[in-house]
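Visitor: Before we start, here is the structure in question, set down as structure tokens.
What follows draws every value from the coordinates through simple rules; no lab data is involved. From a predicted model like this one, the values you see are computed outputs, not experimental measurements. In this analysis, Cβ positions are derived from the backbone assuming ideal geometry, glycine residues included, and neighbour counts consider all displayed protein chains.
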């Protein structure tokens, strides 16, 4: 009964949040903020006010969004005001443009990439998780890629989440509904002129991503390793047995393949309890890699940074100390080269090797020095 009361209490608390259904476009925000271009592919239904909601669409809409990053922004923080944003302190939608065709979208993305040096022409595809609106997804992708200084172009795949705490079941069905759309996006990006396409998925978006990559591998064995420059699952809300069955279909696992986890992830703990699995962790809060030790993956335990993170369900994006650490590691090309010696030098913490898997339990050295 205690677990049930806890779950109900968290749900009621989340459900009391402000209305998130409308985000205005405020071009004047760029007079204060720093612009960040976010391309979007979405199978959400369009709303009369120009936003995209929770309804599922048979087709795909393609957009270019301009996000204004506030001048007072600090790494790891994500603040936005929904229907009444303050551009001085909050992420604000400053521009929206919808493309009439996939060709027009691809041409614009290609032009964006050609502005960059050849070794920075990457595309990062961000797949959001449960309880997320399209505007929130754009803001989070802008914040993450800006703070971690990820080079190249940012593309979000915005699938029809309910955007409500009590929409968990709807979101799970929507994730399955959205597999074909994500597959189409990933295949089409091969013609964008990108040097690499890297997929970053958060929470339930990890489930959607793995389902999509599984179906691609069934149709085109080896495609993901040939065409993706890496897969990163952050706080994946994914059953371990399901994950292993998905990985079985890979002819070759794309590298790097990273999983960011935290044992203090309350959302994943709630996900366990809603399923009646109190003693069985989700992939994003595993305590041991023994169950997945036969897979060629890097498992990054961020628990040490959870307490100072703005979101315990997205530590890698909301811990200033961890963001600084990842920035330092990213500057070295071999940071995640499946080489324990390199990992030990770049990422402070304990390295554990079990068969093919490598686990890094990160240590917050800054906190220890305080």
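Visitor: Considering every residue within segment 126-145, establish whether at least one is surrounded by fewer than 18 Cβ atoms within 10 Å (Cβ to Cβ) and in contact (Cβ under 8 Å) with a residue 12 or more places away in the chain.
Guide: Checking segment 126-145: not a single residue is surrounded by fewer than 18 Cβ atoms within 10 Å (Cβ to Cβ) and in contact (Cβ under 8 Å) with a residue 12 or more places away in the chain.
Visitor: Among the numbered criteria (1) in contact (Cβ under 8 Å) with a residue 40 or more places away in the chain; (2) more than 25 Å from residue 95 (Cβ to Cβ); (3) surrounded by fewer than 22 Cβ atoms within 10 Å (Cβ to Cβ); (4) in contact with a helix residue (DSSP H, G or I) (Cβ under 8 Å, 6 or more places away or on another chain), which one does residue 149 miss?
Guide: So residue 149 meets the others, but not (2).
Visitor: Exactly one condition in (1) crowded, with 19+ Cβ neighbours inside 10 Å; (2) assigned to a loop (DSSP other than H, G, I, E, B) is not met by residue 62; state its number.
Guide: Going through (1) crowded, with 19+ Cβ neighbours inside 10 Å; (2) assigned to a loop (DSSP other than H, G, I, E, B) one by one, residue 62 breaks only (2).
Visitor: Do the conditions hold for residue 105, that is, is it part of a helix (DSSP H, G or I), under 23 Å from residue 213 (Cβ atoms) and in contact with a strand residue (DSSP E or B) (Cβ under 7 Å, 6 or more places away or on another chain)?
Guide: When the stated conditions are applied, residue 105 passes them.
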